[in-house]
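Please read through the structure below; I'll follow up with questions.
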Amino acid sequence: MNRRMARLNGLFQEQIAELIRELRDPRLAPIISITSVDISPDLETGVVNVSVFGEEEEKKSTIEALTHATPFLRRELLRRIRIRHIPALTFVLDETIEEAARILALMRKVSPGPEKPAG
């Protein structure tokens, strides 16, 4: 990925995260994080990876709410980011943070803590 695309992905990530904080949809989970945005080089499509802290139903409803809000988000992005074309956005649930926490918890169960010196 070239420098321009990396900068554009970062800008989209920042702006989408800010816009999501402004949404007032009750289906949104209280803790949402945009982990990454991957805009295609032709600027036609963009994949927004979203990490949601909550139950499975909250995760599902959050992705549905974000998908429903896509026209609003694209309109606001067009206003905020001076670019000719805003890509079609697809929101994808990113569970890597939860998976890492689960693996860490399993490792802590298996591995005993540091031994304390006798005395």
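The values are calculated or read from the model by the stated rules, or taken from the named source; none is laboratory data. None of the values given here were measured: they were computed from a predicted structure. A quick note on method: Cβ atoms are made from the backbone with ideal geometry, for glycine too, and the neighbour counts reach across all protein chains shown. We work out accessible area using only protein heavy atoms, side chains counted, and drop any ligands, DNA or RNA first. Shrake-Rupley method; radii C 1.70, N 1.55, O 1.52, S 1.80 Å.
Could you pull out the residue among Ala100, Ala105, Ala65 that is under 22 Å from Gln15 (Cα atoms) and among the hydrophobic types (A, V, I, L, M, F, W, C)? Break it down into steps so the answer makes sense when it comes.
Details: Ala100 fails: under 22 Å from Gln15 (Cα atoms); Ala105 fails: under 22 Å from Gln15 (Cα atoms).
Testing whether each residue is under 22 Å from Gln15 (Cα atoms) and among the hydrophobic types (A, V, I, L, M, F, W, C) leaves just Ala65.
OK, next. Filter the stretch 9-34 down to the residues that are modelled with pLDDT under 95 and either hydroxyl-bearing (Ser, Thr, Tyr) or farther than 21 Å from Lys59 by Cβ (or both) and list them by number.
Correct list: Ser33 only.
Check Ile31 against each of (1) within 11 Å of the chain's Cα centre (by Cα); (2) surrounded by 14 or more Cβ atoms within 10 Å (Cβ to Cβ) and name the one condition it does not meet.
The number of the failed condition is (2).
Only one of (1) modelled with pLDDT of 95 or more; (2) open to solvent by 60 Å² or more (accessible area, probe 1.4 Å) is not met by Met1, so which one is it?
(1)
Kindly check whether there is at least one residue in the stretch 52-74 that is open to solvent by 20 Å² or more (accessible area, probe 1.4 Å) and touching a helix residue (DSSP H, G or I) at 6+ places or on another chain (Cβ under 6 Å).
So far as the stretch 52-74 goes, no, none of its residues is open to solvent by 20 Å² or more (accessible area, probe 1.4 Å) and touching a helix residue (DSSP H, G or I) at 6+ places or on another chain (Cβ under 6 Å).
Mind listing just one residue for me: the one in the stretch 75-116 that is in contact with a helix residue (DSSP H, G or I) (Cβ under 7 Å, 6 or more places away or on another chain) and closer than 21 Å to Arg7 by Cα and, of those, most open to solvent (accessible area, probe 1.4 Å)? Walk me through it before giving the result.
From the stretch 75-116, those in contact with a helix residue (DSSP H, G or I) (Cβ under 7 Å, 6 or more places away or on another chain) are 76-77, 80-81, 86, 89, 91, 93; that's our starting set.
With closer than 21 Å to Arg7 by Cα added as a condition, the list becomes 76-77, 80-81, 86, 89, 91.
Values: Glu76: 33, Leu77: 0, Arg80: 69, Ile81: 11, Ile86: 8, Leu89: 19, Phe91: 17 Å².
Only one residue tops the list, namely Arg80.
Which of the numbered conditions does Gly46 fail, given that it passes all the others? Conditions: (1) more than 16 Å from the chain's Cα centre (by Cα); (2) surrounded by 12 or more Cβ atoms within 10 Å (Cβ to Cβ); (3) not β-branched (Val, Ile, Thr).
Failed condition: (1).
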